[in-house]
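Input: a single structure, listed below in structure tokens.
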Amino acid sequence: MVGRHVVTLDDVSTAQIRELLHKAQYIDAHRKEVAHTCEGRVLATLFYEPSTRTRLSFETAMLRLGGKVIGFAGAQLASVTKGESIADTLKTVSNYVDVVAIRHPKEGAALVASRASSVPVINAGDGGHMHPTQTLADLATLQSRFGRITDLTVGLCGDLTFGRTVHSLIETLCRFGNVHFVLISPDELKTPRYVIDRIESTATCSYTEVRDLSSVIGDLDVLYMTRVQKERFFNEDDYLRLRDTYILDTEKMKLAKPNMAVLHPLPRVNEIAVEVDDDPRAAYFEQVKNGMLMRMALESSVVGDELPGYEPLEPKELDV
């Protein structure tokens, strides 16, 4: 992966994803040993829209590897206010740094950035399009909870029409196969046809669509919650009627398997009750940690710095 851009997860093979998962586990167990891996490296975080978790995660990842960080958080802090193009910004910044993480409100901005940059560009989210490192965090959480990312029943609940994290996770899990998806949403926010087509085109994957969370929660290994957004409804009465159906609370958790994992891309609003945080099945803050570990694995990989003591996966393990 040395020198490679990561605009979408299509830029990363399934074997490379497995290697990144393996690296993240190694990093977690060897924090001190890897602390100087990227010494002398510099990461630029170019965030054209506000971000808390994603920007701090990318920056912390590089700092924990011994590197340094420059950048901005908000277009008002960049020369875009003077009319500078993304391409020119990247042609400039790539002279200063070894790797760039970019977030932009416009779809396709990360691709434009990668074509202009002379150093690897990692997409930290472009509009409603792609957010590849969030999906890597999701996969790492499944791996840490179950020891695998296949042979699972995965429920996805809430806004399945507009949720980019949901679409990306389904697409990526289909690449590995052997997953049954339970798609839980109101009719107004059902999974788009192109995502359903992706599941149907994968021989070892299947899906069911339901409206009621309580009726299926007991079947799930994983419940991936998203927010039902009021602004997506034309009729406020419909929103109020459906909203509470998709709030995960302790009563619904009583219906779930004892080892079910609850994921959420965050930020949450009211779709997971705060009392669920104390349930050992709540994995959404663990996702945050895993996101940092996967970004550490990714950043070190694209700049070509080897983790001290790390043994790559054997080819036979990558084929599993």
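The values are calculated or read from the model by the stated rules, or taken from the named source; none is laboratory data. Just so it is clear, the model here is predicted, and its values are computed rather than measured. When we count neighbours, we look across all protein chains shown, and the Cβ atoms used for this are built from the backbone with ideal geometry, even at glycine. Each accessible area value is taken on the protein alone, full model and side chains, heavy atoms only, with ligands, DNA and RNA left out. Shrake-Rupley method; radii C 1.70, N 1.55, O 1.52, S 1.80 Å.
Taking 0.36 nm per intervening residue step and subtracting the Cα-Cα distance, what contour gain separates ALA29 from GLU311 on full extension?
In short, 100.2 nm is gained.
Quick one: pull the percent of accessible area on the chain belonging to carbon and sulfur, 1.4 Å probe, ligands and nucleic acids left out.
On the chain, the fraction of accessible area on carbon and sulfur atoms equals 50 percent.
Counting alpha carbon pairs within less than 8 Å and at least 6 residues apart, what relative contact order, in whole percent, applies to the chain?
It comes to 22 percent, rounded to a whole number.
Quick one: longest stretch of the chain between exposed loop GluC sites (Glu not before Pro), exposed meaning at most 12 other C-beta atoms within 10 Å and loop per DSSP?
85-305
What does the C-alpha gyration tensor say about the overall shape of region 244-293? Classify as rounded when a/c is under 1.5, otherwise prolate if a/b is larger than b/c, or oblate.
It is oblate, given that a/c is not under 1.5 and a/b is not larger than b/c.
In square angstrom, rounded to the nearest 10, how much accessible surface does ASP187 have for a 1.4 Å probe?
100 Å²
For GLY66, list long-range residues whose amide hydrogen, built 1.01 Å from N in the peptide plane, is under 5 Å from its own amide hydrogen.
Amide H to amide H, under 5 Å and 5 or more residues apart or across chains, GLY66 pairs with CYS38.
Taking 7 Å along the Cα-to-C-beta vector as the label spot, tell me the ALA203-ASN270 distance in nanometres, rounded to one decimal.
Rounded to a tenth, the inter-label distance reads 4.8 nm.
For region 34-156, just say rounded, prolate or oblate: build the C-alpha gyration tensor, square-root its eigenvalues into a ≥ b ≥ c, call rounded for a/c under 1.5, and beyond that prolate if a/b exceeds b/c, oblate if not.
Because a/c hits 1.5 or more and a/b fails to exceed b/c, region 34-156 counts as oblate.
Per residue, how large is the accessible surface of region 263-310? Use a 1.4 angstrom probe and give square angstrom.
Here the residues of region 263-310 average 38 Å² of exposed surface.
Residue by residue, what Karplus-based ³J(HN,Hα) values in Hz, rounded to whole numbers, does region 185-197 have, using 6.51, -1.76 and 1.60 with θ = phi - 60° and x for Gly and Pro?
Each residue's phi maps through the Karplus curve to give 6, x, 4, 5, 10, 6, 5, x, 4, 5, 6, 4, 4 Hz.
Report, in listed order, any pair from LYS32/LYS68; LYS23/LYS252; LYS68/LYS91; LYS23/LYS190; LYS23/LYS68; LYS190/LYS252 with a Cα-Cα distance greater than 24 Å.
The answer is LYS23/LYS252; LYS23/LYS190.
Full-extension gain between GLU188 and THR150, please, as 0.36 nm times their residue separation minus the C-alpha to C-alpha distance.
Details: separation 38, 0.36 × 38 = 13.68 nm, distance 2.94 nm.
Gain on extension, GLU188 to THR150, equals 10.7 nm.
Starting from the Cα of PHE72, step 7 Å along the direction of its Cβ; do the same at SER214; then give the gap between the two resulting points in nm.
My value for the distance between the label points is 5.1 nm.
Amide H to amide H, which residues 5 or more places from GLU209 or on other chains are under 5 Å from it, using H placed in the peptide plane?
Under 5 Å from the amide H of GLU209: LEU183.
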